[in-house]
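Enquirer: Take this structure, written in structure tokens, and hold onto it; I'll ask about it next.
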Amino acid sequence: MQKSPESDFLKSLTDPGILYENAPCGYLSFTADGKIVKINQTLLSWLGYDQSEVVNKLFYTDLVSRGGKIYYEMFYMPLLQLQHNVNEINFDFQRFDGSKFPALINSTAFRDSHGKLVAINATVYNITDRKKYERELLEAKKQADAERNRFELLSDLIPEMIFTADASGEINYTNRRFTSFFGLLDGSFSADAILPKIHHQDRFKLFKYWKRAIAIGEEAQIELRLQNQEGTYQWHLVRALPTKGNDGEIEKWMGSCTDINRHITAIQHLDEFISVASHELKTPITSLRASLQLMDRLITQQGEPKLMMLMAQSKKSIEKMNTLVDDLLNTGNIKEGKLVLNIRKFDVSEWLNNTCSHVRLAGRYKLHISCEHGLNVYADEHRIDQVIVNFVNNAIKYAPLSSDIFISAYKDNDQIHVEVKDNGPGIAPDKLPYIFERYFRVSHSGAEYSGLGLGLYICAEIIKRHNGRIGVESNVGEGSKFWFSLPESTPTG
Ligand code: ADP
């Protein structure tokens with residue numbers, strides 16, 4: 001039977017002689033005095049020799065570098081005299097042309113019946129590639145270390161507390177400001193040492209937010225009180241941002257704690273002052289309003305035009321003052337959870353067509369109202385009207401040059417969406433996230449508008465209490481659109 005070329009090839013793969021010569025490692029046999037008696041083709045080709053130039057002519061030490069020779073004499077041979085196997089010895093082989101390559105050698109010793117070493121069989125692995133990978137790895141590690149040092153140096157320079165955490169939220173780095181605030185040793189962090197320094201009323205809040213942020217992989221931001229080394233609690237804003245890999249998985253968290261104590265205490269003082277002032281002002285304003293109403297009736301009976309004009313002005317001023325004081329009182333009530341809602345069903349179109357009568361009467365601004373027919377909502381009509389009036393008053397105040405204000409309402413799924421749009425100067429994008437915060441005001445270059453920065457805060461709280469959503473879309477130079485949406489049905493369904 002004739003043999004096929006494939007079967008020849010398969011036989012060559014398992015032929016011991018061919019395997020020995022062309023193995024992916026070098027084979028070398030030498031006598032106890034180092035003379036080479038056998039060498040395979042793989043090793044010969046790495047070394048650049050012919051079989052005839054090496055076997056029974058060269059010694060082991062002729063094939064290795066100078067360092068390899070010293071190693072051979074001082075360690076390798078003495079070890080072979082003592083042991084049966086000497087593994088993972090690493091030194092350089094030297095080629096015929098003088099160049100070198102790194103190798104890993106495993107050796108087995110053979111002895112005669114008296115135990116005398118007679119020969120050694122060695123396998124030689126060319127580890128040039130491995131060394132290259134090791135060098136690259138080392139280089140990458142060096143670069144990563146340098147980057148880390150740079151980051152740590154920079155983070156030690158800034159007056160803010162900085163930390164990083166692994167994907168599971170475990171803190172693994174804190175900067176110097178952080179350790180010194182908590183009185184820890186440099187570079188040391190222990191959750192046990194930090195926990196007692198977080199105000200007991202804020203601990204649960206922190207856990208809740210942190211756990212949630214890790215679960216959904218989104219930025220965490222929380223205000224809490226931290227105890228400094230003098231034992232005083234100070235308000236801090238803690239922020240943590242996740243960094244994600246290409247697969248979208250969180251790799252680590254970068255965080256900061258900013259001291260906002262002065263800001264928070266200033267707001268607390270302002271709150272206290274406003275609460276006292278608004279209560280003190282409300283009573284005289286109410287009696288002044290009542291007196292003015294009486295006087296108005298008398299003056300109208302007399303028909304004196306000058307007095308009537310002065311009366312109209314006084315009434316306008318007292319109403320403005322009353323609205324301001326109401327805003328202040330509302331803020332106090334909202335903060336103390338005292339905002340009472342009177343929920344009932346009402347027709348949205350009817351409500352919008354009657355709202356902002358003061359604007360319609362004044363005649364300077366035109367309200368364009370578009371509303372789907374038959375829309376009803378369960379809400380506190382008076383409070384919701386307060387929101388629209390605030391949006392419209394702001395549009396007039398901050399967009400005085402655009403005489404058209406657009407109000408529209410429509411149904412979106414089970415939500416009633418209402419928006420007020422102006423063609424005014426708009427709001428800068430960096431200010432938008434804070435626009436509904438208490439006392440927040442944007443300075444409008446050149447123009448000075450009076451206000452307390454409470455209107456939108458009150459609107460947001462009213463909408464929140466209705467389980468609704470509130471927002472703003474604005475581009476500088478293109479106007480602003482303030483909106484809110486309310487569930488169509490009652491809050492209880
Ligand atoms: P106040 O009007 O008393 O300052 P608000 O809470 O009503 O308080 O508004 C907060 C800030 O939002 C205002 O100071 C103003 O800078 C900005 N703002 C509100 N509405 C508009 C608008 N329609 N166009 C431009 N800026 C606005």
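Enquirer: Pick out, from region 209-271, the strands (runs of 3 or more DSSP E) lying fully within it that include 2 or more residues that are among the basic types (K, R). Talk me through it step by step, then tell me what you get.
Expert: Working: elements: 220-227, 233-244, 250-259.
Hits in region 209-271: 233-244.
Enquirer: Name the single residue that is farthest from the ligand (Cβ to nearest atom) among those in region 464-486 being out of contact with any Ser or Thr (no Cβ under 7 Å at 6 or more places or on another chain) and over 24 Å from G424 (Cα atoms).
Expert: Looking at residues that are out of contact with any Ser or Thr (no Cβ under 7 Å at 6 or more places or on another chain) and over 24 Å from G424 (Cα atoms), I get N467.
Enquirer: Let me ask you something else. Just give me the residues in region 205-232 being more than 28 Å from D247 (Cα to Cα), surrounded by 10 or more Cβ atoms within 10 Å (Cβ to Cβ) and not aliphatic (A, V, I, L, M), in sequence order.
Expert: K205, E223, R225, Q227, N228, Q229, T232
Enquirer: I'm told K197 meets every condition in (1) surrounded by 14 or more Cβ atoms within 10 Å (Cβ to Cβ); (2) over 30 Å from A266 (Cα atoms); (3) among the basic types (K, R) except one. Can you identify the failing condition by its number?
Expert: So the condition that K197 fails would be (2).
Enquirer: Test K35 against the criterion of being among the basic types (K, R) and modelled with pLDDT of 80 or more, and give yes or no.
Expert: Details: among the basic types (K, R): yes; modelled with pLDDT of 80 or more: yes.
Judged against the criteria, K35 is a match.
Enquirer: Restrict the check to region 285-297 and report whether at least one residue is in a loop (DSSP other than H, G, I, E, B), more than 56 Å from the chain's Cα centre (by Cα) and either assigned by TED's automatic domain parsing to the domain that holds E381 or not small (G, A, S) (or both).
Expert: As a first pass, look at region 285-297 and keep what is in a loop (DSSP other than H, G, I, E, B): none.
Taking every residue of region 285-297 in turn, none turns out to be in a loop (DSSP other than H, G, I, E, B), more than 56 Å from the chain's Cα centre (by Cα) and either assigned by TED's automatic domain parsing to the domain that holds E381 or not small (G, A, S) (or both).
Enquirer: Which residue, of D129, D62, D145, is exposed (fewer than 10 other Cβ atoms within 10 Å of the Cβ) and either without any contact (Cβ under 8 Å) to a residue 24 or more places away in the chain or in the same structural domain as N22 (by TED's automatic domain parsing) (or both)? Let's see the steps before the verdict.
Expert: Details: D62 fails: exposed (fewer than 10 other Cβ atoms within 10 Å of the Cβ); D145 fails: exposed (fewer than 10 other Cβ atoms within 10 Å of the Cβ).
Among D129, D62, D145, only D129 is exposed (fewer than 10 other Cβ atoms within 10 Å of the Cβ) and either without any contact (Cβ under 8 Å) to a residue 24 or more places away in the chain or in the same structural domain as N22 (by TED's automatic domain parsing) (or both).
Enquirer: Within region 279-302, which residues are more than 27 Å from G332 (Cα to Cα) and of a type outside the set (S, T, N, Q)?
Expert: Within region 279-302, L292, L294, M295, D296, R297, L298, I299 meet the criteria.
Enquirer: Are any of the residues in region 5-22 surrounded by 14 or more Cβ atoms within 10 Å (Cβ to Cβ) and touching a strand residue (DSSP E or B) at 6+ places or on another chain (Cβ under 8 Å)?
Expert: no
Enquirer: Regarding region 444-459, can at least one residue be identified that is among the polar types (S, T, N, Q), within 9 Å of the ligand (Cβ to nearest atom), part of a loop (DSSP other than H, G, I, E, B) and in the same structural domain as S357 (by TED's automatic domain parsing)? Don't jump to the end; show me each part of the working.
Expert: First pass over region 444-459, keeping only residues among the polar types (S, T, N, Q): 445, 450.
With within 9 Å of the ligand (Cβ to nearest atom) added as a condition, the list becomes 450.
Now restrict to residues that are part of a loop (DSSP other than H, G, I, E, B): 450.
Pick out the ones that are also in the same structural domain as S357 (by TED's automatic domain parsing) and you get 450.
The answer is yes; a qualifying residue exists.
Enquirer: Could you say whether any residue in region 234-246 is over 18 Å from the mean Cα position of the chain (by Cα) and either touching a residue at least 24 places away in the same chain (Cβ under 8 Å) or exposed (fewer than 14 other Cβ atoms within 10 Å of the Cβ) (or both)? Explain how you work it out, then say what you get.
Expert: Just the residues of region 234-246 that are over 18 Å from the mean Cα position of the chain (by Cα), to begin with: 234-235.
Remaining after also requiring either touching a residue at least 24 places away in the same chain (Cβ under 8 Å) or exposed (fewer than 14 other Cβ atoms within 10 Å of the Cβ) (or both): 234-235.
Among the residues of region 234-246, at least one is over 18 Å from the mean Cα position of the chain (by Cα) and either touching a residue at least 24 places away in the same chain (Cβ under 8 Å) or exposed (fewer than 14 other Cβ atoms within 10 Å of the Cβ) (or both), which makes the answer yes.
The values are calculated or read from the model by the stated rules, or taken from the named source; none is laboratory data. Being a predicted model, the structure only gives us computed values, none of them experimental. Methodologically, a virtual Cβ is constructed for each residue, glycine included, from the backbone with ideal geometry; neighbour enumeration extends over all protein chains shown.
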